[in-house]
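Notes for the one structure printed next.
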Amino acid sequence: MSKIAGSQPRIYSVALAAVALGASDDVLGDTAMAELETAEVTAFDGQPDVARNLTVKGNDSNVAGDVVVEGYNHGGETITETIALSGTSVVAGDKAFAEITSVTLPVYDTADTERVRVGLGAKLGLPLKLSRNTVIHAYLDGAREGTAPTVAVSASAMESNTVTLDSALDGSDVIVDLYETL
């Protein structure tokens with residue numbers, strides 16, 4: 001086991017106040033897809049309450065193609081994610097967006113009735129780049145989660161460091177205790 005002389009990992013308690021359960025239209029309600037070219041949307045119904053992943057959903061089984069989301073991560077860095085639509089199924093992205101600046105919708109497939117929604121997911125962004133899962137505990141409304149959260153890590157991309165609680169988000173405070181990786 002190697003250790004850097006004099007170095008100690010820092011312990012963080014990441015407090016995410018009042019995290020609501022995401023809905024499929026929190027960011028963008030039913031928005032029509034265009035016939036001939038992709039459509040860029042820059043006005044939204046809402047923004048993430050905390051850095052978190054996004055979801056996409058079509059209004060019928062013909063809805064397909066890629067939704068491209070641009071915005072910023074927890075650290076203010078520009079990020080982009082492409083999420084493939086799958087009919088009326090909710091498809092979750094993986095990156096944690098703190099702010100969305102544009103959403104590009106694909107062209108419609110069959111009729112001029114196809115619409116897309118963009119919502120908020122349950123993967124909450126962590127403000128650190130981690131090389132491994134260092135989450136110690138997660139709390140919802142002051143109660144420690146009985147089951148460890150699902151954690152995604154990336155040593156190179158802050159937006160890919162997320163935590164998903166075992167309990168459903170309900171508007172209560174979320175706290176995640178973790179330590180930084182060396």
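The values are calculated or read from the model by the stated rules, or taken from the named source; none is laboratory data. In this text the structure is predicted, and so the values were computed from the model without any measurement. Glycine gets a Cβ as well: all are built from the backbone with ideal geometry, and neighbour counts include every protein chain shown.
From the list T147, T134, T164, exactly one residue is in contact with a Leu (Cβ under 6 Å, 6 or more places away or on another chain) and farther than 21 Å from L28 by Cβ. Which is it? Break it down into steps so the answer makes sense when it comes.
On the way: T147 fails: in contact with a Leu (Cβ under 6 Å, 6 or more places away or on another chain); T164 fails: in contact with a Leu (Cβ under 6 Å, 6 or more places away or on another chain).
Of T147, T134, T164, the one residue that is in contact with a Leu (Cβ under 6 Å, 6 or more places away or on another chain) and farther than 21 Å from L28 by Cβ is T134.
Results for (1) among the hydrophobic types (A, V, I, L, M, F, W, C); (2) not assigned by TED's automatic domain parsing to the domain that holds E99, shown as yes or no for each residue.
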| position | (1), (2) |
| --- | --- |
| R115 | no, no |
| R132 | no, yes |
| V135 | yes, yes |
| A138 | yes, yes |
| D141 | no, yes |
| A148 | yes, yes |
| E159 | no, yes |
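Among the residues in the range 61-79, are any among the charged types (D, E, K, R), under 14 Å from the mean Cα position of the chain (by Cα) and at pLDDT below 95? It would help to see each step written out before you state the result.
Start the filter on the range 61-79 by keeping residues that are among the charged types (D, E, K, R), which leaves 66, 70, 77.
From what is left, the residues that are under 14 Å from the mean Cα position of the chain (by Cα) are 70.
Still in the running and at pLDDT below 95: none.
So far as the range 61-79 goes, no, none of its residues is among the charged types (D, E, K, R), under 14 Å from the mean Cα position of the chain (by Cα) and at pLDDT below 95.
Residues of the range 137-161 being of a type in the set (V, I, T) and in contact (Cβ under 8 Å) with a residue 60 or more places away in the chain, which ones?
Step one: of the range 137-161, the residues of a type in the set (V, I, T) are 147, 150-151, 153.
None; the set is empty.
Of these, G46, G75, which one is touching a Pro at 6+ places or on another chain (Cβ under 9 Å), in a loop (DSSP other than H, G, I, E, B) and not polar (S, T, N, Q)?
Working: G46 fails: touching a Pro at 6+ places or on another chain (Cβ under 9 Å).
The unique qualifying residue is G75.
In the range 28-43, which residue that is of a type outside the set (D, E) and either exposed (fewer than 14 other Cβ atoms within 10 Å of the Cβ) or part of a loop (DSSP other than H, G, I, E, B) (or both) is farthest from the chain's Cα centre (by Cα)?
Step one: list which residues in the range 28-43 are of a type outside the set (D, E), which gives 28-29, 31-34, 36, 38-39, 41-43.
Next, only the ones that are either exposed (fewer than 14 other Cβ atoms within 10 Å of the Cβ) or part of a loop (DSSP other than H, G, I, E, B) (or both) stay: 33, 36, 38, 42-43.
Numbers: M33: 23, L36: 29, T38: 23, T42: 18, A43: 19 Å.
This residue is L36.
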Set D166, D109, D177: member being touching a His at 6+ places or on another chain (Cβ under 6 Å), surrounded by fewer than 19 Cβ atoms within 10 Å (Cβ to Cβ) and either over 20 Å from Q47 (Cβ atoms) or of a type in the set (G, A, S) (or both): D177
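Right, I79: among the β-branched types (V, I, T), surrounded by 17 or more Cβ atoms within 10 Å (Cβ to Cβ) and without any contact (Cβ under 8 Å) to a residue 40 or more places away in the chain or not? Steps first, answer last, please.
Values: among the β-branched types (V, I, T): yes; surrounded by 17 or more Cβ atoms within 10 Å (Cβ to Cβ): yes; without any contact (Cβ under 8 Å) to a residue 40 or more places away in the chain: no.
It is false that I79 is among the β-branched types (V, I, T), surrounded by 17 or more Cβ atoms within 10 Å (Cβ to Cβ) and without any contact (Cβ under 8 Å) to a residue 40 or more places away in the chain.
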The range 20-40 residues that are in the same structural domain as T55 (by TED's automatic domain parsing) and more than 16 Å from V118 (Cβ to Cβ), paired with ones that are loosely packed, with under 13 Cβ neighbours inside 10 Å and of a type in the set (K, R) (beta carbon under 7 Å, 6 or more apart): none
